[in-house]
Amino acid sequence: MNKEIREDYLVTFENLYTAFKNTGFENPLDIALEKAQEKIEKRYGEITSDDLESLALEAFSIYGEINVRKATTIRSKVNVPWFKGTHPTYSYFWPRYEKYLKQIKKWPVETVESINDTTNEILKSIGNPKSDQSFDKRGLVLGYVQSGKTANFTGLINKAFDVGYKLVIVLAGMHNDLRSQTQLRLEREVVGTVNTITGEKHGVAQVRTGGTQIETWTTVQDDISTNNTIGIKNLDKPILLVVKKQKDVLPKLIDILRNSIRLSEMSPPVLIIDDEADQASVDASGKPADDPSRINHLIRELLSLFEQKSYVGYTATPFANLLIKANANHSEIGKDLYPKDFVIALPKPRGYCGPDEYFNTTGYLEDNKPMYIRYLKPKDIEVLDKIRTKDDADLFIEVPDSMKEAIYSFLISVAIRNLREQIGEHNSMLIHTSRLTDIQNSMYGVIKEFYKRLSNDLIYNYKSEYLDILKELYEEDFLQVQRNTKSSQQFTEFSWEEVYKQIKVVAGKIEVMEINGESEDVLEYDKYKENGLYVIAIGGNKLSRGLTLEGLTISYYYRSSSMYDTLMQMGRWFGFRNGYMDLCRIFTSEEIAENFEYLAGVMSELRKEFEIFAQNEDMTPEDYAIKMLKHKSMTVTSPAKMGTAESPIIYSGTMQQTRSFEKNQEFYVNNMDATVELVNSIEDFAVENYRTKYHISRDVPSHIVVDFLKKYKTISSARIVNSKKIADYIIQMNNKQFLEKFNIAIVDITEATLKSQKAINNGINKWNVNLGKLHIESAVIRSIDQNKSKGTGVIDIGAIVAANQEFIDIENRTKDKITNLALRANQNPLLLIYPLHPGVSAFKKLNINFNQNLVPIGLAFSFPEITEVPDLDNDSNNRVIQQGNYIYNNTVGKENK
């Protein structure tokens, strides 16, 4: 077939398909195929049926088989969508943005179609701007941290202008950097800019100009003020504003709009998009409904100016928003910002690297990740712990060893990306240890001086003392992780010589910057779009929410939080890492890593609960109560936003497992002796064979398990999987007539693992174990060639529990975890005991004489969920109450008061 005909056909088809789709045609794909054929035949005359079929199949393969991930929606019964099957016509702004994403930014068709689909879902849930009726819509869009929420609300804004909204206000965080970043993005991707001197076009202007012009009352440099809006009183035109959520900014906006409405004698339909809607917007006063906090009051006052208003909050951490007083109503400024009309969960984008990619969120062996986490050394933590106030800033006099390793890792990651032909891309490293600018400034000076010495030595000294350090880090760390990373891309393994040459190239290009309100440094990635910005960014709050660090690979993070939403938003390392996920590292403490891993489970649980609710058509935002897992030492959000106290450790409905072990022989001897004593105290075991062999005893009195846990030792730093705390929990539950009997399973040989190629390559053979009166055919093999304990004083072998192994004692178990959890609720708790193979990498390095009578012993528990015993006295007047292992909003579904 003629190449010209093929290319012409595909362009014609795409233009027709987009046009029919954006004007609301039903079956736009079929119509476009038919019309494209007609046009091609008219231009080129007779074309064979085989060629026409081939063209149609190619077009269909691009657009007809797109698996668009759908949003999940819960909508109020009274909030009837103002369009259903077909959407209104998008005549200018959305088609231009859509084409820009596909042709200029080269985004995958699937990604753009997902934005199209989800923004239609949001648009139908807010008010119809052409209606002659007033409306007041409040909704929430739940995304993922650093997952493209801005692209989504940019699409929504474009469609909003197309369908008749006159005024769009974006509340863009608390800081100038984030507001400016958002303003620049929207000027390019909604407004479209043209340089008046050179005529150079930017953003969507490259696709099309000449349509309706959007007026902007804010600029990249300036937030809203009376100066840049003098004389602008006409509200009957599309207007875009991007403003900060600050108490000195919002009153100016309210005054300008109030005067404009009064002078123009019209109230335009307004769409207010609240980016990071859980930050500052939620009433955190802790006071009665008639005295909300300042920012919350101002946003509600802003909404009260308009007759037709839609408020859409975007966030990845909805904890505070879902705990807003649903029935709060102020006499002057109206209802609170609770999403009374709709809540929409965006689908997880393909290629997104979030908590699930960095952490083991299932707890199962199969979900062990390559080691992206590097634990800070105890002596480094000791140094950082001393630097807590601005008076301590001068104590930072030397770069800690773990921070040096992070900087070395950054050099290697940049070099490898360049070798992978990712030259010209941005590369960033984050150092975040304090919110105080004095401390950041002190660190900046010391780190900059260290990096200057390091880079000069690497560039000019071919016998540099750093070469051996970098070589070992590359070969023992980066190459090992690359080999263990599952990816659709197969990366070349470069020699150390190749990497070293590239390190010398990039070392002089890396800048050290201090990013805070006191520094003049700015992350202006746009200025370096041709060659890429290579930067080590040292900061705090400015880097903790909203602001995107382009090409972030290495994060040095030591700033904990006791709140879910704050901690998750500080995870700037989440996002899209196409082609370099294996190069990413997070340097942090064990405690913070554990909190992030737990939080990943919280978010997963929250979305599952949401999807279950959404399947029930009768469920609405007014009467559902999203459950949120209660962490042992963290709160869901700030106490002012939720009004409940913290609770003690609760193991109800959880699976707990030991994955870390000490390095001294006494630790292993003690635990082996404790386990032998336990085994010998149990009357009998039944052998059960599945793919793995088990020795199972049922209905063992709980006091035997408690006595065992009092003798068995977990690592000294264990906070959650702590043998003494678990024993205390069992005793507390026993006092309330719960957990009185246990099932105990000793895990034995898995033939398939023993015969696997990896076991053979690493010389792993059968290892008999004498466990008291039980003979174990072979110790359990875990983490054959992965030592996940870099930088710690303990052995970390990752998860030891295989998928659904925690339900091995349940006779009618299924492959579905949720079903099995429900079955566990009516069963005994399970204690799993793992005699672990000492021949794997992590244990082999210890100078311990492991033998048939001494092996590492790992434990796991599967606890039934106990909902009958509340952990707090539930007060029906509380906004947030706790039930079992969850908290939920107690004000949804109640009359407004």
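The values are calculated or read from the model by the stated rules, or taken from the named source; none is laboratory data. None of these values were measured; they are calculated from a predicted model. Here the Cβ is made from the backbone with ideal geometry for all residues, glycine too, and neighbour counts use every protein chain on show. Just so you know, the surface numbers come from the protein's heavy atoms only, side chains and all, with ligands and any DNA or RNA stripped out. Shrake-Rupley method; radii C 1.70, N 1.55, O 1.52, S 1.80 Å.
A few points about this structure:
- Cross-link pairs exceeding 30 Å between alpha carbons, from the set Lys105/Lys509; Lys166/Lys201; Lys149/Lys340; Lys755/Lys815; Lys159/Lys817; Lys711/Lys844: Lys159/Lys817.
- Mean accessible surface per residue for region 685-844, computed with a 1.4 Å probe while every protein chain stays in place, in Å²: 42
- Entry for semi-axes √(5λ) of the Cα gyration tensor in Å (calculated from the structure that is shown) out of (1) 38, 36, 31; (2) 57, 38, 21; (3) 49, 34, 31: (3)
- Per residue accessible area of region 360-502, 1.4 Å probe, in Å²: 50
- Lysine pairs within region 1-98, Cα separation less than 28 Å, 8 or more sequence positions apart or different chains: 11
- Bridging of Lys542 to lysines at a Cα separation below 16 Å is possible for Lys244, Lys245, once same-chain residues fewer than 8 apart are set aside.
- Cα Rg over Rh - region 142-239, Kirkwood: 0.96
- Taking packing as the residue-averaged number of other Cβ atoms within 10 angstrom, the listed peptides 42-52, 593-603, 734-744, 348-358 run from highest to lowest as 593-603, 348-358, 734-744, 42-52.
- Under 16 Å from the Cα of Lys137 - aspartates and glutamates, other chains or at least 8 residues apart: Glu121, Asp274, Glu301, Glu307, Asp336, Asp341, Glu622
- Sites listed here are trypsin sites (Lys or Arg not before Pro) in region 443-510 whose DSSP assignment is loop and whose Cβ has at most 11 other Cβ atoms within 10 Å: Lys463, Lys486.
- Sulfur and carbon atoms: percent of accessible area, region 171-296 [1.4 Å]: 47
- Ser304 accessible area, assembled protein chains, probe 1.4 Å, Å²: 50
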